[in-house]
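All of the numbers you see were taken from the coordinates with simple rules; none came from a lab. None of the values given here were measured: they were computed from a predicted structure. FYI the Cβ positions are ideal-geometry reconstructions off the backbone, even for glycines, and counts take in every protein chain you see.
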Amino acid sequence: MSKGGLGLSDLSIAPRKSERPSGPVASVTTLVPAPNETVAPSILPKPSEKQRRETAETRAIVQEDARYSLKNLKRSKQRNVKFFVNIALDYELKARLQRAATENDLKMTAVVKAALDYYLKENDY
């Protein structure tokens, strides 16, 4: 297989966009004020040092509150999953646990939690 050379005529090139917009938009944007009208410069008012400091402080307080609320939300989610118990089960008990979980469409952890909760309630803990 030999590579053929590509020339400029082999490629299609899109025409350039015109720099001047055409149509009704062009007539609106190219309006020139009459000579007797004065055009006021559209400069935004510059806030004072005190106003800038107040807006910066309020923005910082809002961001800090959002950061703390997000951190507290993450902590509350972690509290539910924080403690783990490793239990060595014999083969027969694990098989019964698996069967109970599949028959009731539950996870094995949910069955173990329910069993532990029931046992602790029965023994006044």
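Were the residues from Glu54 through Tyr68 laid out at 0.36 nm apart, the gain over their Cα-Cα distance would be 2.9 nm. Kindly list the residues of the stretch 90-125 that lie in the label zone of Phe83, defined by a backbone N under 18 Å from the point 7 Å along the Cα-to-C-beta vector. Only 109-125 pass the distance filter.
Which loop trypsin sites (Lys or Arg not before Pro) in the stretch 70-125, with loop taken from DSSP, have no more than 11 other Cβ atoms within 10 angstrom of their Cβ?
On the way: sites: Lys71, Lys74, Arg75, Lys77, Arg79, Lys82, Lys94, Arg96, Arg99, Lys107, Lys113, Lys121; in loops: Lys82, Lys107.
Answer by residue number: Lys82, Lys107.
At full extension, Ile61 and Asp90 could sit 4.8 nm farther apart than now, given 0.36 nm per residue minus the alpha carbon distance. On a full-extension model of 0.36 nm per residue, what is the gain between Leu44 and Gln98, subtracting their alpha-carbon distance, rounded to one decimal in nm? Fully extending the segment from Leu44 to Gln98 adds 12.4 nm.
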